[in-house]
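Undergrad: This is the structure I want to talk about, given as structure tokens.
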Amino acid sequence: MSYFGYQVGYFLFWLLSFAFLPFSKKLRLGLKGRRGLQMRFKEAQKRWGTEGLETHPYWFHFASAGELEQAIPIAEAVKRRNPKAAVLFTFFSPSGEKGVRLETLRREKANRPLPWDAADYLPLDLPWEVSKTLDILTPKALILINRELWPNLVKMSHARNIPIYLFSAFFPNNKAKMLEFWRPYLKHLKLIGTVGDSSTELLLNLEPTLCVKSMGDTRIERVLERKELQKKPLPWGTFLTSNKLFIGASLWKEDFQALQPVLRTIAQEFTDWRICLVPHEPDDSFIKTIKEWGHAEGISFRRFSHFLQTPDEVSPLIMDQVGLLAELYRYSSLAFVGGSFKQKVHNVLEPAAYSNAIVVGPFIQNSFEATEMNRLQLGLKSAKTSQETSETILKRISDVSFLKSEGEAAYKYLLDRRGASEKYGELLWGS
């Protein structure tokens, strides 16, 4: 697609999107969140001046909540080096807004400062919207996270001599064709820091003149840090220690269907194990599906909210609340991470941080860590079918020493890859 084709296509997409507003909550939230955006940017810049901060911000942009985890450690590195630096976070998706809100609440509870000084939506990538935003912000640098390459934002920032960086970048092989479209914009980047050698090689094969370095994934530091902050005992945690705990995490219906044979076997033959299923979206219809299937199999699942009111030590559980998965990993030793039988595997770093042996389905190409851990056989195993998933999980359940060694390997994988945020900070300052 040419730059002209992108301009026309992007404009028409947003023009036509209004017809779909009644059917898409995310679309409604995204458009509503961008109302008054330029005014909020102006107010933020004025506030920075009155607070003694620099008025030309380090502008970090990420897509959603997952990439927020990658941006935070780099922003903290910026603040450590220059406490007067203003840091602006922008996100594309409403899930990014939710992630920012939840992180704000976590830091308020822990009495820890935020690493950003303002956070808001990214303006639409239309020339007049981008131009107005750059006029207001005049950023010191633009730091894009993962693959957030917006053509007008990159092109117009480069024309104004604003240094542009792409950090924690990950390009799986199935994105190779898209790289041809991104090639002109990648050339505008001052530095690209990737999560690993595979992305570095892919980029350099595309364009040898790019400045690319393998730096690591800052998300690893985030999960290890959050583990350290979660030291306070949870009142319901003791009820999860009597039996070994297996977690089916971030499940979609496709994942649940693939897990059914092994769930049946665990419930019938491994009574010293407790099951906890965590839907990716804990809506009532999915929870009802699980409970009805369990009833037919003689497995009496309880909602986690009911468990909190009257805890017990054996009932299989269904998580019907959000935000507690990391806390659950503290008590488990084996996790199946969902999304991997649907389209994209979810976060495998959190279970690894708590020394869980990890099993996933076949779709893991979206995750650098899942792909690498599976290739290196470091605590994570990708199974291609429901039957292979059952065999993989039961092998770990049946062999305690193997289960423990897999969990230790997953945790060591993270420990060996700490320190990426300081590397990115040095890259930002030294370039």
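The values are calculated or read from the model by the stated rules, or taken from the named source; none is laboratory data. Remember, it's a predicted structure, so these values are computed and weren't measured experimentally. Cβ coordinates were reconstructed from backbone atoms using ideal geometry, including for glycine residues, and neighbour counts include every protein chain displayed.
Undergrad: Name every residue in segment 347-383 that is among the polar types (S, T, N, Q) and farther than 18 Å from Leu328 by Cα, in order of residue number. Show your work before the answer.
TA: So the first thing to find is which residues in segment 347-383 are among the polar types (S, T, N, Q), and the list is 347, 355-356, 365-367, 371, 374, 377, 382.
Of everything in segment 347-383, those that are among the polar types (S, T, N, Q) and farther than 18 Å from Leu328 by Cα turn out to be Gln365, Asn366, Ser367, Thr371, Asn374, Gln377, Ser382.
Undergrad: Which of the helices (runs of 4 or more DSSP H) found entirely inside segment 181-281 contain at least 1 residues meeting this: without any contact (Cβ under 8 Å) to a residue 60 or more places away in the chain and among the small types (Gly, Ala, Ser)? So that I can check it myself, show each step before the final result.
TA: Numbers: elements: 197-206, 219-229, 253-269.
The qualifying helices (runs of 4 or more DSSP H) are 253-269.
Undergrad: Okay, moving on. Where in segment 292-371 are there helices (runs of 4 or more DSSP H), lying fully within it, with 1 or more residues that are aliphatic (A, V, I, L, M) and modelled with pLDDT under 95?
TA: 304-309, 325-329
Undergrad: Would you confirm whether or not segment 42-59 contains a residue that is in contact with an Asp or Glu (Cβ under 8 Å, 6 or more places away or on another chain), touching a residue at least 12 places away in the same chain (Cβ under 8 Å), under 18 Å from Gly99 (Cβ atoms) and not in a helix (DSSP H, G or I)?
TA: Checked against the condition, which is being in contact with an Asp or Glu (Cβ under 8 Å, 6 or more places away or on another chain), touching a residue at least 12 places away in the same chain (Cβ under 8 Å), under 18 Å from Gly99 (Cβ atoms) and not in a helix (DSSP H, G or I), segment 42-59 yields no hits at all.
Undergrad: A follow-up question, please. Tell me yes or no: at least one residue of segment 247-258 is closer than 30 Å to Phe167 by Cα, assigned by TED's automatic domain parsing to the domain that holds Val400 and not hydrophobic (A, V, I, L, M, F, W, C).
TA: yes
Undergrad: Of the residues that sit in segment 389-431 and are over 22 Å from Glu369 (Cα atoms) and assigned to a loop (DSSP other than H, G, I, E, B), which one is modelled with the highest pLDDT?
TA: That would be Asp399.
Undergrad: Further, regarding this structure: Could you look through segment 286-319, keep only residues that are charged (D, E, K, R) and free of Cβ contacts under 8 Å to residues at least 40 places away in the same chain, and pick out the one that is nearest to Pro261 (Cα to Cα)?
TA: Residues of segment 286-319 charged (D, E, K, R): 288, 291-292, 297, 302-303, 312-313.
Checking the rest, the ones that are also free of Cβ contacts under 8 Å to residues at least 40 places away in the same chain come to 288, 291-292, 297, 302-303.
Numbers: Lys288: 18, Lys291: 15, Glu292: 15, Glu297: 10, Arg302: 19, Arg303: 21 Å.
Only one residue tops the list, namely Glu297.
Undergrad: Answer yes or no as to whether Glu391 is within 30 Å of Leu189 (Cβ to Cβ), surrounded by fewer than 20 Cβ atoms within 10 Å (Cβ to Cβ) and not assigned by TED's automatic domain parsing to the domain that holds Gln70.
TA: Working: within 30 Å of Leu189 (Cβ to Cβ): no; surrounded by fewer than 20 Cβ atoms within 10 Å (Cβ to Cβ): yes; not assigned by TED's automatic domain parsing to the domain that holds Gln70: yes.
So Glu391 fails the test.
Undergrad: Another question about this same structure. I'm told Leu328 meets every condition in (1) more than 26 Å from Asn173 (Cα to Cα); (2) buried (at least 20 other Cβ atoms within 10 Å of the Cβ); (3) in contact with a Lys or Arg (Cβ under 9 Å, 6 or more places away or on another chain) except one. Can you identify the failing condition by its number?
TA: Going through (1) more than 26 Å from Asn173 (Cα to Cα); (2) buried (at least 20 other Cβ atoms within 10 Å of the Cβ); (3) in contact with a Lys or Arg (Cβ under 9 Å, 6 or more places away or on another chain) one by one, Leu328 breaks only (3).
Undergrad: While we're here: Go through (1) touching a helix residue (DSSP H, G or I) at 6+ places or on another chain (Cβ under 7 Å); (2) surrounded by fewer than 19 Cβ atoms within 10 Å (Cβ to Cβ); (3) not aliphatic (A, V, I, L, M) one by one and return the number of the condition Gln45 breaks.
TA: (2)
Undergrad: Assess whether Tyr121 counts as being of a type in the set (Ser, Thr, Tyr), within 23 Å of Ala420 (Cα to Cα), at pLDDT 95 or above and crowded, with 21+ Cβ neighbours inside 10 Å.
TA: Numbers: of a type in the set (Ser, Thr, Tyr): yes; within 23 Å of Ala420 (Cα to Cα): no; at pLDDT 95 or above: yes; crowded, with 21+ Cβ neighbours inside 10 Å: yes.
For Tyr121, the condition - of a type in the set (Ser, Thr, Tyr), within 23 Å of Ala420 (Cα to Cα), at pLDDT 95 or above and crowded, with 21+ Cβ neighbours inside 10 Å - is not met.
Undergrad: Still on this structure, I have one more. From the list Ala86, Ala77, exactly one residue is over 21 Å from the mean Cα position of the chain (by Cα) and buried (at least 16 other Cβ atoms within 10 Å of the Cβ). Which is it? Steps first, answer last, please.
TA: Details: Ala77 fails: over 21 Å from the mean Cα position of the chain (by Cα).
Being over 21 Å from the mean Cα position of the chain (by Cα) and buried (at least 16 other Cβ atoms within 10 Å of the Cβ) holds for just one of Ala86, Ala77, which is Ala86.
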